[in-house]
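A.B. asks: After the structure tokens below, expect a handful of questions from me.
The values are calculated or read from the model by the stated rules, or taken from the named source; none is laboratory data. Worth saying up front: this structure is predicted, and the values here are computed from it rather than measured. Cβ placement follows ideal geometry from the backbone for every residue including glycine, while neighbour counts extend to all protein chains displayed. Heads up: the accessible areas ignore ligands, DNA and RNA and are worked out on the full protein's heavy atoms, side chains in. Shrake-Rupley method; radii C 1.70, N 1.55, O 1.52, S 1.80 Å.
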Amino acid sequence: QVQLQESGPGLVKPSQTLSLTCTVSGNSITTNSYYWTWIRQPPGLGLEWMGAISYSGSTYYSPSLRSRTSISRDTSKNQITLQLRSVTPEDTAVYYCARLVGGTDGIDYWGKGTLFTVSS
């Protein structure tokens, strides 16, 4: 069984940086051939793919967010970290981490999500 748990601050002021951590249990984040992704959903809107990091550490980003987004990993802790810089109220959303299956691009495991709010 694979479990993903998001954690981080629930509130950040505009222009600051959001940092979220996804802790994975039941599966090593270095296992071939999986990708670990971040997806968000603003209130009342659809899902938006933000980016991913592969089992080997390669990163991929949505073109609309790449200038503000960094995804990294800590293999010793089996954790994936998302950083989103220069946040605005439009970044308010539920943020999910998920496992993507290489070759199919399908997602087989999701975290429960965590609400992040940008407010002064």
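A.B. asks: Could you please find all residues in segment 54-74 being charged (D, E, K, R) and surrounded by 14 or more Cβ atoms within 10 Å (Cβ to Cβ)?
C.D. replies: Within segment 54-74, R68, R73 meet the criteria.
A.B. asks: Residue by residue through segment 10-27, note down the ones that are under 17 Å from K112 (Cβ atoms) and within 16 Å of the chain's Cα centre (by Cα).
C.D. replies: G10, L20, T21, C22, T23, V24, S25 - these are the residues of segment 10-27 that are under 17 Å from K112 (Cβ atoms) and within 16 Å of the chain's Cα centre (by Cα).
A.B. asks: Something else now. Among (1) at pLDDT below 95; (2) of a type in the set (G, A, S); (3) open to solvent by less than 70 Å² (accessible area, probe 1.4 Å), which single condition is G51 missing?
C.D. replies: (1)
A.B. asks: Say we look at segment 73-82 and pick out the residues that are touching a residue at least 40 places away in the same chain (Cβ under 8 Å) and part of a strand (DSSP E or B); which of these is farthest from P9 (Cα to Cα)?
C.D. replies: R73
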